[in-house]
Amino acid sequence: MGALATRVSKFNAIPAFNLTKHVDLNIDQLVKEWKERIDQKESRREYCYGCQICCHKHVKSKSSEYRIEGSSPEYYGGLVSLGTYIGVTDLDFIIYAKNLCDKMGLDAISTGQTIATLIELVADGRINYGIKYGDKDTIIKLIKMIAHREGIGNELAEGAQYLADKYGEPVTAVTNKRLEVSLCNLNAAMGYKLALATSNRGDVNQVYLKHEVLSENAQLLNGDDAVDYAIHIQNLMAILDSCVICAFSGYVINLSDLSKLLTAVTGMDFNESRLAEIGERIYTAERYYNALALGKESDELPSRLGSVPAELLNRYYERRGWVNGIPSVETLKKLKVIE
């Protein structure tokens, strides 16, 4: 959580209150408090073998009201979606709520952001329900209601977009391809935004921030640089997934690293150009599958994230060999997706 929160905060891009504003946090103090809750000895028992990132921690909350001890990923997404997004900065509550989501089989990002959508709809008079930002007890109650599909939890279980559409304010749902998104509100990061908009599943938020936010020498991208970056990071993630390598490795690993690893393990020549082609084939095949299933594809970001310029999106399509977001027959044949 420390590195992510620190980097995003430097860009004043930590989203809050259902992405209607930024929030200014004392990140150094927040990271210090988080580390005080980590039991390092127990955490070492929970790390994946050989991992250098070690995202899982054994944590102990300090609150008697939100008492929890156990496994909890070092999860920036929890800080945002179950914290600032719903008007909370209490670490013990966030740890408790994240652990509850895990036990209930709920995704923490989708759960928190759907509840944030509800809070905004209530504030706008669209739904009559007793909740407001920062209402921790009601938020905990809602998590349980979502898991059991009880009362209004039955509607919340369908996600933010369903809720916003039903009650007439689609803009309150910060989603892409109906999946809740945005752990960063950085309108100027066009590489990140282009990759996010054209994501085949709607969100791979954190790794897509790699170069423009998370890098030590982060630079905002535009034009051809943004297109190059979006295609590169998407292809890289497709290869990592196929190798069953943790997505968080994408913060540091690249095609040159994967080339050496795969060549050494298999004895086959996996040079960087071959890997790039494999990533391209996988990503295009995913897009083709979506097109067959849905008959269309939409690469629009929610308005609160700001749009990707049409010229930039068209350049991306041209580089990919897609037409209006759909792979052309020529591209599919070239990549051997179809015969």
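The values are calculated or read from the model by the stated rules, or taken from the named source; none is laboratory data. Nothing here was measured: the structure is a model prediction, and the numbers come from that model. FYI the Cβ positions are ideal-geometry reconstructions off the backbone, even for glycines, and counts take in every protein chain you see. For the accessible areas, the whole protein counts, side chains as well, though only heavy atoms, and no ligand, DNA or RNA atoms are used. Shrake-Rupley method; radii C 1.70, N 1.55, O 1.52, S 1.80 Å.
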Query raised in the report: Could you state the number of Å between the C-alpha centres of segment 204-255 and segment 18-33?
Result: 24
**Report entry** Filter on Lys57/Lys177; Lys210/Lys333; Lys98/Lys136; Lys57/Lys193; Lys103/Lys136 - keep pairs with C-alpha separation over 20 Å
**Finding:** Lys57/Lys177; Lys210/Lys333; Lys57/Lys193
Query - Estimated FRET transfer efficiency when R0 is 30 angstrom, pair Ile338-Lys296 (beta carbons, to 0.05) - result: 0.95
Requested in this report: For segment 264-274, just list the computed ³J(HN,Hα) in residue order, Karplus coefficients 6.51, -1.76 and 1.60, θ = phi - 60°, integers in Hz, with x standing in for Gly and Pro.
Outcome: 5, 6, 9, x, 9, 8, 9, 6, 4, 5, 5
Query - Order by protection proxy (mean Cβ within 10 Å, highest first), peptides 100-112, 126-138 - result: 100-112, 126-138
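Applying a 10 Å radius around every beta-carbon, put 81-93, 267-279 in order of their mean neighbour count, most first.
On the way: 81-93: 23.2, 267-279: 14.8.
Most protected by this proxy first, the peptides run 81-93, 267-279.
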Query - Dipole in debye (nearest 20) - segment 235-339, about Cα centre, beta carbon charges: Lys, Arg +1; Asp, Glu -1 - result: 80
Requested in this report: Report, by chain and number, residues whose modeled amide H sits under 5 Å from the one on Asn176, excluding near sequence neighbours (fewer than 5 apart, same chain).
Outcome: Val181
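Å³ per residue of the Cα convex hull, for segment 235-285? Display every interim value, and only then the final one.
Numbers: hull volume 3.4 nm³, N = 51.
Hull volume normalised by residue count: 67 Å³.
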Report summary line: Phi angles of segment 193-198, converted by Karplus (6.51 cos²θ - 1.76 cosθ + 1.60, θ = phi - 60°) into ³J(HN,Hα) in whole Hz with x for Gly and Pro, give 5, 5, 5, 5, 5, 9
Report summary line: Taking only C-alpha positions in segment 165-286, Rg and Dmax in angstrom work out to 15.8, 57
Query raised in the report: Just the Cα atoms of segment 257-339, one point each, no solvent: what log10 I(q)/I(0) does Debye give at q = 0.10, 0.19, 0.26 Å⁻¹?
Result: -0.34, -0.90, -1.19
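List the GluC sites (Glu not before Pro) within segment 1-83 that fall in a DSSP loop (any state other than H, G, I, E or B) and whose Cβ has at most 16 other Cβ atoms within 10 Å.
Values: sites: Glu33, Glu36, Glu42, Glu46, Glu65, Glu69, Glu74; in loops: Glu46, Glu65, Glu74.
When the GluC sites (Glu not before Pro) of segment 1-83 are filtered for loop state and at most 16 Cβ neighbours within 10 Å, Glu46, Glu65 remain.
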Report task. Enumerate the residues in segment 140-158 having an amide nitrogen under 20 Å from the point lying 7 Å beyond the Cα of Asp165 toward its Cβ. Result -> 152-158
Query raised in the report: Which ³J(HN,Hα) values, rounded to whole Hz and listed in residue order, are derived for segment 247-258 from phi using the Karplus coefficients 6.51, -1.76 and 1.60 in 6.51 cos²θ - 1.76 cosθ + 1.60 with θ = phi - 60°, glycine and proline given as x?
Result: 4, 4, 4, x, 5, 10, 8, 9, 4, 5, 5, 5
**Report entry** No Cys partner within the rule (Cβ under 4.7 Å), the chain
**Finding:** Cys54, Cys55, Cys101, Cys184, Cys243, Cys246
Requested in this report: Report the equivalent ellipsoid semi-axes for segment 82-191 in whole Å, largest first, defined as the square roots of five times the eigenvalues of the gyration tensor built from alpha carbon atoms.
Outcome: 20, 18, 14
Requested in this report: Starting from the Cα of Lys35, draw a straight line to each of the aspartates and glutamates and keep only those under 16 Å, dropping any in the same chain fewer than 8 residues away.
Outcome: Glu69, Glu74, Asp90, Asp92
Query raised in the report: Over the Cα atoms of segment 1-113, Rg to Rh with Kirkwood Rh, two decimal places?
Result: 0.95
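Taking the convex hull of the Cα atoms, report for the chain its projected area averaged over all directions, in nm². Spell out each step's value before the answer.
Working: hull surface 72.5 nm².
Reported value for the Cα convex hull: 18.1 nm².
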Query raised in the report: Could you give the nm distance between label points at Ala123 and Ile38, where each point is 7 Å from its Cα heading toward the beta carbon?
Result: 3.2
Requested in this report: Express the accessible area of segment 227-266 per residue in Å², computed with a 1.4 Å probe while the remaining protein chains stay in the model.
Outcome: 43
